[in-house]
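To start, the structure under review is shown below, and the notes come after it.
The values are calculated or read from the model by the stated rules, or taken from the named source; none is laboratory data. Computed from a prediction, not measured in an experiment: that's the story for all the values here. Every residue, glycine among them, receives a Cβ derived from its backbone with ideal geometry; neighbour counts consider all protein chains shown. Just the protein is used for accessible areas: all its heavy atoms, side chains included, with ligands, DNA and RNA removed. Shrake-Rupley method; radii C 1.70, N 1.55, O 1.52, S 1.80 Å.
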Amino acid sequence: MVMEKLGGSLQDALKKLVKSGRIDEHTVNEVVKDIQRAMLQADVNVKLVMTMSNHIKERAMKEDVPSGMNPREHVIRIVYQELINIIGKGTDIPLKPQKIMMIGLQGSGKTTTTSKLARYFQRKGLRPAVICADTFRPGAYQQLKTLCGKLNVTFYGEEGNPDAVGIVERGLKEVEKYDVIIIDTAGRHSLEKDLIEEMEQIHAIAHPDYKLLVLDGAIGQQASEQARAFNDSIGISGVVISKLDGTAKGGGAISAVSETNSSIAFIGVGETPEDLEKFESDRFISKLLGMGDIQGLIEKAQENLKEEELDMEAMMRGRFTLKDMYKQLETLNKMGPMKQIMQMLPLGGMGVKVPEEAYQVTGEKLTKYRVVMDSMTEEEMLNPRLIGSARIKRISMGSGCGPDDVRELLKYYKTMQNTMKGLRGGKFNMQKMMKKFGM
Ligand code: GDP
């Protein structure tokens, strides 16, 4: 995984939060300290880390816990949002015909990224073509030509000709019928005057829709200097951070980019043409924090859980959702042990066989089930079939219960659902009976 070390440390910090009995100032401070340590180790700028820490502490203590969310989820959500603030939203490069100019220093991964990008558009059904205008680095022409050949991507270049501007001019004519034209320009060891001039000339001829700066993720915070310098010279529309697969300093480049008011479009996560990921900050942070679907948590906060009446008829027709079960359990909790309740119902006479597990639910378990369900989204409650392993993991983290508890609850729900379906066949007026029990 990209930035495994940072992800691991952040996840450990959040686990502490989940495990702690109470969420108070002390707990929040402890967790923030762990997050600080993790971010600094990943080379994130100290000032940014401090600002973020203060925001988390302040918000966790001052903001009200949104309805439908427990205090742990509330803090996790704040951490998530503040991390997104640090890395910025990301640049969206649309899937449409366009010209893209690649810029960056030599060795940054520009040529490799050019081929990855061609592959990216090819996979999305657009026809890419590549122009090699890197006439500075001796191996660039052959490297790009070979990469494009392997991918079956159209390539234009003029081996041995140093006139990068002329190559671009002719290349554009040659490949004009293609959807996405990617121009790989030359890099230098630093941003020198002749490099700027050449970039400006190519820019003037090509009129690219996007200018993507490739930054080596391993250089950490130095990335901010490069991002700023390139932006000041010809302006950049987005950044690709390469080599994030092999560095522990990736946090430096990532945070540096948003610090300089640019934003990340893609990240490079390996050497093959497939190793390019579109950068979406919410997905990136969710992955980093080991949460399959944290978006669900956010949506949950925005949802206004409406109190609905139990629809017994629908339930017996088989539409018995987790939400129905939640309400049932709430009522049952007030009434006493499940076994007693079930025994009061003349189920045997109706030919309904109630599985033993349905009786095994003690008051303690009911409480646990409710805690687990508190960490589910409305959508999951209404359609529990959506809950796969990634969501189980998230629900487990959010609720502080183990994944086995979530699975046990889902199994119990299935049993109850089948029981409800079984009741449908009975002659007994179930609705009346349930009403009597206040269900
Ligand atoms: P350029 O001078 O900017 O065109 O740099 P290259 O594209 O030739 O890349 C320099 C080196 O970095 C090459 O060995 C690439 O294989 C390697 N590289 C580029 N991107 C990545 C990446 O995302 N991950 C890894 N591990 N290596 C990369």
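Gly166 falls short on exactly one of the conditions (1) open to solvent by 40 Å² or more (accessible area, probe 1.4 Å); (2) away from the ligand (no atom under 13 Å from the Cβ), and that condition is (1). Mind checking whether some residue in region 141-149 is more than 13 Å from the ligand (Cβ to nearest atom), touching a residue at least 40 places away in the same chain (Cβ under 8 Å) and within 36 Å of the chain's Cα centre (by Cα)? No, that holds for no residue. Considering (1) in contact with an Asp or Glu (Cβ under 8 Å, 6 or more places away or on another chain); (2) at pLDDT 90 or above, the lone condition that Lys368 does not fulfil carries the number (2).
Scanning region 156-171 for residues that are at negative phi, of a type in the set (Lys, Arg) and either touching a residue at least 40 places away in the same chain (Cβ under 8 Å) or out of contact with any Asp or Glu (no Cβ under 8 Å at 6 or more places or on another chain) (or both) turns up nothing. The number of residues in region 61-89 that are more than 22 Å from the chain's Cα centre (by Cα) and of a type in the set (A, V, I, L, M, F, W, C) comes to 2.
Restricting the search to region 170-205, which residues are part of a loop (DSSP other than H, G, I, E, B), within 16 Å of the ligand (Cβ to nearest atom) and surrounded by 14 or more Cβ atoms within 10 Å (Cβ to Cβ)? Don't jump to the end; show me each part of the working.
Filtering region 170-205 down to residues part of a loop (DSSP other than H, G, I, E, B) leaves 175-179, 186-192.
Next, only the ones that are within 16 Å of the ligand (Cβ to nearest atom) stay: 186-192.
Result: Ala186, Gly187, Arg188, Leu191.
Of all residues in region 377-392, those satisfying the criterion of being open to solvent by 50 Å² or more (accessible area, probe 1.4 Å) and either in contact with a helix residue (DSSP H, G or I) (Cβ under 9 Å, 6 or more places away or on another chain) or in a loop (DSSP other than H, G, I, E, B) (or both) are Glu379, Leu382, Asn383, Leu386, Ser389. Inclusion of Pro128 among residues that are away from the ligand (no atom under 16 Å from the Cβ), closer than 11 Å to Ile182 by Cβ and not aliphatic (A, V, I, L, M) is warranted.
For Leu213, the conditions (1) within 13 Å of the ligand (Cβ to nearest atom); (2) in contact with a Leu (Cβ under 6 Å, 6 or more places away or on another chain); (3) outside any loop (DSSP other than H, G, I, E, B) all hold with the exception of (2). Of all residues in region 101-120, those satisfying the criterion of being surrounded by fewer than 23 Cβ atoms within 10 Å (Cβ to Cβ) and more than 8 Å from the ligand (Cβ to nearest atom) are Arg119, Tyr120. Condition check: in contact with a Lys or Arg (Cβ under 7 Å, 6 or more places away or on another chain) and either surrounded by fewer than 16 Cβ atoms within 10 Å (Cβ to Cβ) or of a type outside the set (Val, Ile, Thr) (or both). Does Gly125 satisfy that? It is false that Gly125 is in contact with a Lys or Arg (Cβ under 7 Å, 6 or more places away or on another chain) and either surrounded by fewer than 16 Cβ atoms within 10 Å (Cβ to Cβ) or of a type outside the set (Val, Ile, Thr) (or both).
Summed over region 216-231, the residues that are open to solvent by 50 Å² or more (accessible area, probe 1.4 Å) and within 16 Å of the ligand (Cβ to nearest atom) give a count of 1.
Based on this model, can you work out whether Thr272 counts as of a type in the set (Ser, Thr, Tyr) and open to solvent by 30 Å² or more (accessible area, probe 1.4 Å)? Answer is yes for this residue.
Tell me, which residue of region 233-246 that is farther than 26 Å from Pro208 by Cα and in contact (Cβ under 8 Å) with a residue 40 or more places away in the chain is least open to solvent (accessible area, probe 1.4 Å)?
Our first condition is that a residue be farther than 26 Å from Pro208 by Cα; within region 233-246, this holds for 244-246.
Checking which are in contact (Cβ under 8 Å) with a residue 40 or more places away in the chain leaves us with 244-245.
On the way: Leu244: 0, Asp245: 83 Å².
The selected residue is Leu244.
Taking (1) under 24 Å from Ala218 (Cβ atoms); (2) away from the ligand (no atom under 16 Å from the Cβ); (3) of a type in the set (Ser, Thr, Tyr) in turn, Ser67 satisfies each apart from (1).
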